[in-house]
Amino acid sequence: MTSTDLAALRPRLPSPLEEPVDERFARHGVRLLLKRDDLIHPELIGNKWRKLAPNLAAASGRPVVTFGGAYSNHLRATAAAGRLLGLPTVGVVRGQELADRPLNPSLARCAADGMRLHFVGRSTYRRKTDPETLAAVLRAADAEGAYVVPEGGSNALAVRGCQALGEELRGQADVVAVACGTGGTLAGLAAGLGPGQRTLGVPVLKGGFLADDIRRLQAEAFGGPRGEWWLDERFHFGGYARTTPELDAFAEDFEGRHGVRVERLYVAKLLYALVALVEEGAFAEGATVAAVITGAPFPG
Ligand SMILES: *Cc1c(COP(=O)(O)O)cnc(C)c1O
């Protein structure tokens, strides 16, 4: 496969930058912008495009194997890429017990896109970056020689892919805010922004080592720290894929106000955090805050 094949998918890049009117921000003299990465491609959505595209090019036609939980947006994007580009894909899924159950809608979509699913136990899954465990998993999955994309898709190529997101936002905002899973998107975004621009990360997982992970990813991708960024760890709502009635109501309300479909695992938490922060006076009057809409809801 060549990068030309990816271009044939006609990604919408640079992604649109929109300025909705939201009185919760306007009241504090803060401009809100939405960086619509959710519009890059209908199936290879948002940061998944930015992270996968350089890896798919590097795979150059080899089967791609990657890792994820039962609701992973990354697995779905990889499976969709496989179908669109005619590339075999293997998904290593956390949870041996899932092998004996009907597939949930997310995994069913992966399978329908031609991804071969290989289920592993949680302790094996946890040790998947250990070279011996990885080799054993690839052997068991009949995927030796495949191109390996790590869980969440965050490796040095992916981080460098996300640098373009920052470059597209140069000079456009004082603060750029993004929801974080592995932190790979933030690592690249912060590196691509211009001087004086700061990046705010909102982790959706509870109590991790995300700041360390981001520093490690930047070291791998760029040889050292890049950009000015910080994390606000208060908005995980109990952890990955957890939600509350309040968060759901917030997301529905945001959709009604702005006609943007709000992805619930990440984007809802980011937008909620920004409304809370603007209420707290975290952004100076006259500041422009850009929220990266990194994805869209799973269609059915
Ligand atoms: C995967 C995903 C993220 C997390 O990206 P990381 O690079 O792992 O931090 C954020 N938003 C959406 C919508 C995603 O699907």
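What follows draws every value from the coordinates through simple rules; no lab data is involved. As the structure is a prediction and not an experimental result, all values here were calculated from the model. Please note: Cβ atoms are built from the backbone with ideal geometry, for glycine as well, and neighbour counts cover all protein chains shown.
Scan region 50-93 for residues that are within 11 Å of the ligand (Cβ to nearest atom), within 20 Å of Val204 (Cα to Cα) and among the hydrophobic types (A, V, I, L, M, F, W, C) and the total you get is 2.
Among residues of region 14-38 that are more than 19 Å from Tyr266 (Cα to Cα), those with a Cβ under 7 angstrom from a residue that is part of a helix (DSSP H, G or I) and within 16 Å of the ligand (Cβ to nearest atom), sequence gap 6+ or separate chain, pair up as Pro16/Leu39. Residues in region 270-300 that are closer than 23 Å to Glu168 by Cα and not hydrophobic (A, V, I, L, M, F, W, C) were compared, and the one that is surrounded by the fewest Cβ atoms within 10 Å (Cβ to Cβ) is Gly286.
Going by the structure shown, is Leu107 within 16 Å of the ligand (Cβ to nearest atom), over 16 Å from the mean Cα position of the chain (by Cα), closer than 21 Å to Gly239 by Cβ and outside any loop (DSSP other than H, G, I, E, B)? Yes. Restricting attention to region 222-240, does a residue exist that is under 26 Å from Leu44 (Cβ atoms), within 12 Å of the ligand (Cβ to nearest atom) and of a type in the set (A, V, I, L, M)? No, region 222-240 contains no residue that is under 26 Å from Leu44 (Cβ atoms), within 12 Å of the ligand (Cβ to nearest atom) and of a type in the set (A, V, I, L, M). Count of region 110-133 residues, restricted to those that are within 25 Å of Leu85 (Cβ to Cβ), in a helix (DSSP H, G or I) and out of contact with any helix residue (DSSP H, G or I) (no Cβ under 7 Å at 6 or more places or on another chain), is 2. Only one of the numbered conditions (1) under 20 Å from the mean Cα position of the chain (by Cα); (2) surrounded by 18 or more Cβ atoms within 10 Å (Cβ to Cβ) is violated by Val137, and that is (1).
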